[in-house]
Every structure is written in C-alpha cells, then in structure tokens.
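Visitor: Below is the structure I would like to discuss, written out as structure tokens.
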Amino acid sequence: MAIISIPSSPFDDQKPGTSGLRKKVTIFQQEHYLENFVQSTFNSLGDITGKTLVVGGDGRFHNEHAVQVILKMASANGFARVIVGQNGLLSTPAASVVIRKNNAFGGIILSASHNPAGPNGDFGIKYNIGNGGPAPENITSSIFSNTQTISSYLTLDEADINLNNIGTQQLGKMVVDIIDSVSDYAELMAELFDFDAISTLLADSSFNMCFDAMHAITGPYAKEILENQLGAKPGTVINGTPLTDFGGGHPDPNLTYAKELVDVMFADNAPTLGAASDGDGDRNMILGDNFFVTPSDSLAIMAANANCIPAYKNGLSGIARSMPTSQAPDRVAEKLGIECHETPTGWKFFGNLLDAERATLCGEESFGSGSNHIREKDGLWAVLYWLNILAVREQSIADIVMQHWQEYGRNYYTRHDYEAIPSDIAKQLMTELEQKLPELVGLTLADRTVKYSDNFSYLDPVDHSVSKNQGLRIGFEDGSRIIFRLSGTGTEGATLRVYIEAYESDPDMLGQNTQQALSKLINLADNLAGITTLTGRTEPTVIT
Ligand code: VG1
Ligand code: CO
C-alpha cells in the first residue's frame, strides 16, 4: 500500500463553467486529465487532512471509473473518510443532502447534468463546499489556476474497491463508507412535505400522474418516494432505470427533449400531473393535463402557495432568481413583503443568500428550483411541492396557474437557444451587441422605450464579491426584457441563449400563445444582435 506521486503537466482547458468542468468523455479519457483536475481541486481547499468528503455521480458512462480514481487520490491526499453512494451513484440534490447531514468538508459530484451521455457524450465534475452547495467563484478560480501549474498528483498503488457493498471498507489510511443512495434524501423529503395528504391524493382514482426519469439518476429516487412511500400507482415512473448512456437521449426536461412525457400529457385523457427530471436530478418540468408550466411561473406559484407546505408555511425569508429568469416571482415577493434577489446564472450564487437566511426559495428559468433544505436545485423536491399544493388546493394545474395570472398578471416568457455555433462568431455577436448597448437607451423599439441596456454585474450582498459579464440586458419602461448570454455548460462550439419576457396584466390578454405574444421582441432580438446574419441560423435549435 504505497502513496505514489505521478508526474503530470497542465491541460489548458480546465476552466470550470456554470456548473463545474464539462467536456466530451473522450477528453476526460486522456491520461492524467481527470487526475489533474481532482488534484488541482484538492490543492485549492487548504488543509484537508483528517476531513470527510462525499463522492457520487449521475451514473453516466465513466462515472464508476472516476469514482475509483477519486477515492485513491482522496486517500493519498489525506482525507480520513469518504462517503460514497452505492455503485458511485448520487443525484446532485442527494449529494447536497449527504454533505450537510454528515457535516462533511465537501463533495465531488460527477455529472454533466442535462448533456447527453455515453462514450461519445459528455462527462463532468464539480466540487461542492461544506454547506452542500457548488463551490463559489473564488474556489473555482483557484482550481483553474492550479490546473495551469500542476506538475504531479498523488494516488495509491491499490486495486479498485467494491462499490456495490453497503458498509465500511478501508483504502490506505482512509475509511470508505458506501451508503444507500436514496434513503437520506427520501427521509428529508418526508420531513418537508405532508406525505399523508399527498398519499391521499395519489390514492384518489381520479388522480393520475406520470413522472419521466429520462433513463437517468432520478429513477430510483422517484420509484422509492412516489411509488413505494407515497403509494402512486406502479408504472407512474417511466424510464426509471438509470442507463449509462441515458438511453441515447438528451436528459433535459423540456418540451423538446422530454417528448415521450409531452405526448402523454398533451393527449386526450392525460394525467393530472406530469413531471420530468434531468440527468443528475436537479431540474424539473411540471405539466398539467394539456398544460405546460413555465419554470419561472412555477417558482412564483410555489412561493405564492408556500402556506400549503409544512416546511414553508411559517413564511419565506425571501426569493432569489437568476437574472434571466422572468420577473413573475418578484411580484409575489412584493406582495408577501419579502426580499427578492437577482443573481447571475448558476446555483452557486444562491448559496450565500440561503446561508444568510435572506432567501428561502430560489429558482432559474432553466427548469430549476430549490429551497433552503439543501444548496442545490432539486427536481423531485419541486414535484413533491406541486403534489402538496394539489393535495391542499384540489384544483387542476391549469386552474392554479390561470388563477395566479389573474391575480398577479402574466409574464410571457421564452428562451431561444442556438446551439453549437462557431465560438468566434458567438464572441463577435456578443462583442458587437455590447458596443451598441449605450446607444439604445431612450429609443423606441418594438413599441417600447428602452430604459436601460448593459452587461449585468452582480454584487453579492453577503460577501460583497462582484461577478461581472453575466449577460447583456435590454430592459424597457414597461418591464419587458431581452437578454443575451453564452452558455457555460455546452461542450460543442458556443450556445447562444436569448431570453425574452413581457408583462401583461389585461385579464383578456392572459391566454395568448407565448411565441405570438412575444413576436415583436423576438424579431427585435434578432435584428439587434444580427443572429440570422452572423450565424446563418433562421430559427433556434431549442425553444423553451
Ligand atoms: C445552464 C442553465 C443554468 C443552470 C446550469 C446548470 O447553464 O442555463 O440556469 O444553472 O445550466 O444546470 P448555461 O451556462 O448553459 O446557461 V444543471 O442542471 O447542468 O446542473
Ligand atoms: Co442538472
């Protein structure tokens, strides 16, 4: 049993993005590539001797190999204990639960989330800190600088351990605890929600539900909680067995990629509730019978109905949303008289607000919502939240949403993604647009007056750190907005995201088709940024 130091040299492409380092599997398979990133992470954490680390991933191709590599390196670097999900599996929210429950020093999560998997797909790795949330920018920048100077890493000259056996094993001087991947998470859900009321709802013969796990990590969690514990009909969870290539699909719960579920929910005699989660279990899509709930509306409605949920019925301290998320939650915060925060994209920016109890609920337009129960977004949690609302209100999802619009007005909202455009063209588009921004203020465009146009910069109210270049915004006097960002999770060329929002309070105008209601702003976005001219694309790859 020897600790060995392996000489290595830097890779120049290990800068963490919105949520850790994501690359093609083939990139991760290069000799020393994963090891360099793991050692650079450990080197960024100060003294780790004697500490506890949590490790797990979404089960995609390369997951198990990566877990074995990390275990040996953790032992060689001095960790005293590593807690691992059985077979190396932990959904992202479950990893956050396990870190918090065990007061671990931190955790490593292996996932490329909603990106496709398999030998030709993507892989990813990220570090979470002791509060259970994604490492903040000071740590991710330090990891990146360490990757640029690394010259060796530490590991053990040892055989792989058996990840299937729940219980304790020894690896060098380090203890490895293999735990059930689901039970800690399921226990926490039972504390937050009214499981009795949800069970009664699910037992009602007129209530049907379909949950699409998209062949990814949420399957075992959803089957245990929805079917075994809450008594949902067997078969409620579809595509519930995790596969290393996610069945060849794109595990992104939206109207385009969750097609099987969408077909079920937009048919005659559709179930009352449809839901899906992503590759690593932190996203959610909520559908009613022939009805789609926009994620931004979902956050607003969850906040407005917090009184239905045991864990939140005593009130919310605040709501936080990412900048491109629609302003629908702001109206609820205003009515509740609570704080409302606008952060850059990515869950890492919510951690400080949650820790300081300045936000209870958080959300992003990208099908993510969560609360102070952990420090990650949480797909199944959101589904249970909606189930709990339905159990209390005994109305259809469409009725609940439409009633919300009647009360607060409707924020029409859409996101247009242009995937895999050449990186230099994407950069040119953003640079030219940014140069134009100062001239736009005061102009009348698409029948609206431009109030501000800038590159969003965030001042964290808790630690006063500043994050610049978080997206180009054009805001109008009437509250409408157009936002442009480049994705920080894609692995092929660049992905341009255009977010468009307009507020409508006229009760007769609440039932329009979203794309039609926003058509003038959509055209304006194309004209201002020259999307068609520069990219040659006449329509987005994905519309959500
Ligand atoms: C996307 C989403 C962002 C989300 C991130 C990670 O980032 O827009 O809201 O936090 O993915 O989600 P980007 O930089 O590609 O826009 V997940 O489910 O990958 O952990
Ligand atoms: Co995810």
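Taken together, the values in this text are just the output of simple stated rules run on the coordinates, not laboratory data. Fair warning: this is a prediction, and the values are worked out from it, not measured in the lab. Here the Cβ is made from the backbone with ideal geometry for all residues, glycine too, and neighbour counts use every protein chain on show.
Visitor: Taking the DSSP beta bridges in the range 70-226 as the whole, what percent of them are antiparallel, to the nearest 5?
Guide: Working: 11 of 16 bridges.
In the range 70-226, DSSP labels about 70 percent of beta bridges as antiparallel.
Visitor: Where does the range 3-181 land on the Kirkwood hydrodynamic radius, alpha-carbon pairs, in angstrom?
Guide: About 15.8 Å, per the Kirkwood formula over Cα pairs.
Visitor: Given the peptides 145-155, 432-442, 63-73, arrange them by the average over their residues of other C-beta atoms within 10 Å, most packed first.
Guide: Highest-to-lowest ranking by the protection proxy: 63-73, 145-155, 432-442.
Visitor: Sequence gap at least 6, Cα distance under 8 Å: using those rules, report the relative contact order of the chain to the nearest whole percent.
Guide: Computed over the chain, the figure is 13 percent.
Visitor: Let me spell out the model: positive unit charges on the Cβ of Lys and Arg, negative unit charges on the Cβ of Asp and Glu, origin at the Cα centre of the range 62-179. What dipole size does that give, in debye rounded to 20?
Guide: With Lys and Arg at +1 and Asp and Glu at -1, about 340 debye.
Visitor: Here's another thing I want to ask about it. Given an 8 Å cut-off on Cα distances and at least 6 residues of separation, report the relative contact order of the range 3-181 as a percent.
Guide: In percent, rounded to a whole number, it is 35.
Visitor: For the range 128-140, just list the computed ³J(HN,Hα) in residue order, Karplus coefficients 6.51, -1.76 and 1.60, θ = phi - 60°, integers in Hz, with x standing in for Gly and Pro.
Guide: 10, 8, x, 7, x, x, x, 4, x, 4, 5, 6, 5
Visitor: From the helices alone, meaning DSSP H stretches of at least four residues, give me the mean residue ellipticity at 222 nm for the chain, per-run term -39500 (n - 2.57), in deg cm²/dmol to the nearest 500.
Guide: It comes out at -9000 deg cm²/dmol, rounded to the nearest 500.
Visitor: Can you figure out the FRET efficiency of Asp424 with Thr49, using R₀ = 60 Å and their beta-carbon distance, to the nearest 0.05? Before the final figure, lay out the partial values.
Guide: Details: r = 45 Å, r/R0 = 0.76.
Computed FRET efficiency for Asp424 and Thr49: 0.85.
Visitor: Under 18 Å from the 7 Å Cα→Cβ point of Ser8, by amide nitrogen: which residues of the range 124-148?
Guide: So the set is 124-128, 140-148.
Visitor: Among the lysines, select those whose C-alpha is under 26 Å from the C-alpha of Lys24, and discard any that sit fewer than 8 residues away in the same chain.
Guide: Lys15, Lys72, Lys126, Lys259, Lys348, Lys377, Lys427
Visitor: For Thr514 and Asn269, FRET efficiency with R0 = 22 Å and r from the beta-carbon atoms, rounded to 0.05?
Guide: The computed FRET efficiency comes out at 0.30.
Visitor: Within the range 183-203, name every residue whose backbone N is under 17 Å away from a label modeled 7 Å from Cα of Asn314 along the Cβ vector.
Guide: Inside the label zone: 191-194.
Visitor: Would you mind calculating the relative contact order of the range 410-543 from Cα pairs under 8 angstrom and at least 6 residues apart, reporting the percent as a whole number?
Guide: Relative contact order of the range 410-543: 36 percent.
Visitor: If a/c stays under 1.5 just call it rounded; otherwise compare a/b with b/c (prolate if a/b is bigger, oblate if not). Do that for the chain, with a ≥ b ≥ c from the square roots of the Cα gyration tensor eigenvalues.
Guide: In terms of gyration-tensor shape, oblate.
Visitor: What FRET efficiency comes out for the pair Tyr452/Asn103, r = Cβ-Cβ distance, R0 = 35 Å, nearest 0.05? It would help to have the intermediate numbers written out before the result.
Guide: Values: r = 44 Å, r/R0 = 1.25.
After rounding to 0.05, the efficiency reads 0.20.
Visitor: Regarding the range 410-543, what whole-number volume in Å³ per residue does the convex hull of its Cα atoms give?
Guide: 130
Visitor: While we're looking at this one, here's another question. For the ranges 205-214, 51-60, 94-103, what's the packing order if you count other beta-carbon atoms within 10 Å of each residue, average per peptide, and put the highest first?
Guide: On the way: 205-214: 20.5, 51-60: 27.2, 94-103: 23.7.
Most protected by this proxy first, the peptides run 51-60, 94-103, 205-214.
Visitor: Need one word for the range 460-517: rounded, prolate or oblate. Basis is the Cα gyration tensor (sqrt eigenvalues a ≥ b ≥ c); a/c below 1.5 gives rounded, then a/b vs b/c decides.
Guide: It comes out oblate by the Cα gyration axes.
Visitor: Quick check: net charge around Asp417, other residues with Cβ under 12 Å of its Cβ, Lys/Arg +1 and Asp/Glu -1?
Guide: With Lys, Arg at +1 and Asp, Glu at -1, the neighbours total 0.
Visitor: Moving on. At what distance in angstrom do the alpha carbon centres of the range 278-293 and the range 497-521 lie from each other?
Guide: Centre-to-centre distance over Cα atoms comes out at 21 Å.
Visitor: Same structure, new question: Only bridges whose two residues both fall in the chain count here: according to DSSP, what percent of them are antiparallel, nearest 5?
Guide: 70
Visitor: Once the other residues with Cβ under 13 Å from the Cβ of Val264 are scored (Lys, Arg +1; Asp, Glu -1), what is the net sum?
Guide: So the surrounding residues net to -4.
Visitor: Among rounded, prolate and oblate, which fits the range 166-270 when a ≥ b ≥ c are the square roots of the eigenvalues of its C-alpha gyration tensor, a/c under 1.5 means rounded, and a/b larger than b/c means prolate?
Guide: Note, shape of the range 166-270 comes out oblate.
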